[in-house]
């Protein structure tokens, strides 16, 4: 059953700890009755929605970075496996010749001697030499971790969009409830000529006019 008000127990979250937005099923109960003010409730909804949108932007940036990182790891892994395959041929072969990029339009030819090791950039301008098999294992683990992180990021983005939608629905329900409440009070006032709070004032105004 959907929550009709703030939960007194532990807040429900997704596997990564993002809180689930409660759906306001009974607006009257949630805000505290027909005569309750709704400004604090609406402000709370706006703040919660803003937090969800902030998390959404952060995760979108993370997803974009992962979409760039994953192909780079895959390409590096492919090259290291190629070097290992060349070394496993167990026959004398000519040194590997390749082209490496100097800038966007300039390449230079290089000769790669078989050493059984390869240098991997670890970040922060740090490169370490690894035996080929260790490099393959390291890159495979990094690739698996990056793909899993991407899947979780996509799931979190979908979850956040759902929570933002729930908060927008909550905002609309409370707003419409308030409009209906004000309209009902206006109709009651029209039937008696004035709102109850204005009746005494109207009588005093009539007395002043006679004076």
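A few comments on the model shown:
- Being within 34 Å of the chain's Cα centre (by Cα), part of a helix (DSSP H, G or I), farther than 30 Å from residue 172 by Cα and at pLDDT 85 or above is a description that does not apply to residue 84.
- Here residue 75 fits the description: over 30 Å from residue 17 (Cβ atoms), surrounded by fewer than 12 Cβ atoms within 10 Å (Cβ to Cβ) and out of contact with any strand residue (DSSP E or B) (no Cβ under 7 Å at 6 or more places or on another chain).
- For the range 118-135, a tally of residues being more than 32 Å from the chain's Cα centre (by Cα) and surrounded by 14 or more Cβ atoms within 10 Å (Cβ to Cβ) returns 5.
- A search for C-beta distances below 8 Å between a residue of the range 42-58 that is on the phi < 0 side of the Ramachandran plot and without any contact (Cβ under 8 Å) to a residue 12 or more places away in the chain and any residue that is surrounded by fewer than 17 Cβ atoms within 10 Å (Cβ to Cβ) and in a helix (DSSP H, G or I), counting only pairs 6+ apart in sequence or on different chains, returns nothing.
- Within the range 99-150, the residues that satisfy the criterion of being in a helix (DSSP H, G or I) and out of contact with any helix residue (DSSP H, G or I) (no Cβ under 9 Å at 6 or more places or on another chain) are 134, 137, 138, 141, 144, 145, 148.
- Against the test of being out of contact with any helix residue (DSSP H, G or I) (no Cβ under 7 Å at 6 or more places or on another chain), within 30 Å of residue 68 (Cβ to Cβ) and either surrounded by 10 or more Cβ atoms within 10 Å (Cβ to Cβ) or modelled with pLDDT under 95 (or both), the options 165, 153 yield a single qualifying residue, 165.
- Taken over the range 20-41, residues that are in contact with a strand residue (DSSP E or B) (Cβ under 8 Å, 6 or more places away or on another chain) and without any contact (Cβ under 8 Å) to a residue 40 or more places away in the chain amount to 0.
The values are calculated or read from the model by the stated rules, or taken from the named source; none is laboratory data. From a predicted model like this one, the values you see are computed outputs, not experimental measurements. Please note: Cβ atoms are built from the backbone with ideal geometry, for glycine as well, and neighbour counts cover all protein chains shown.
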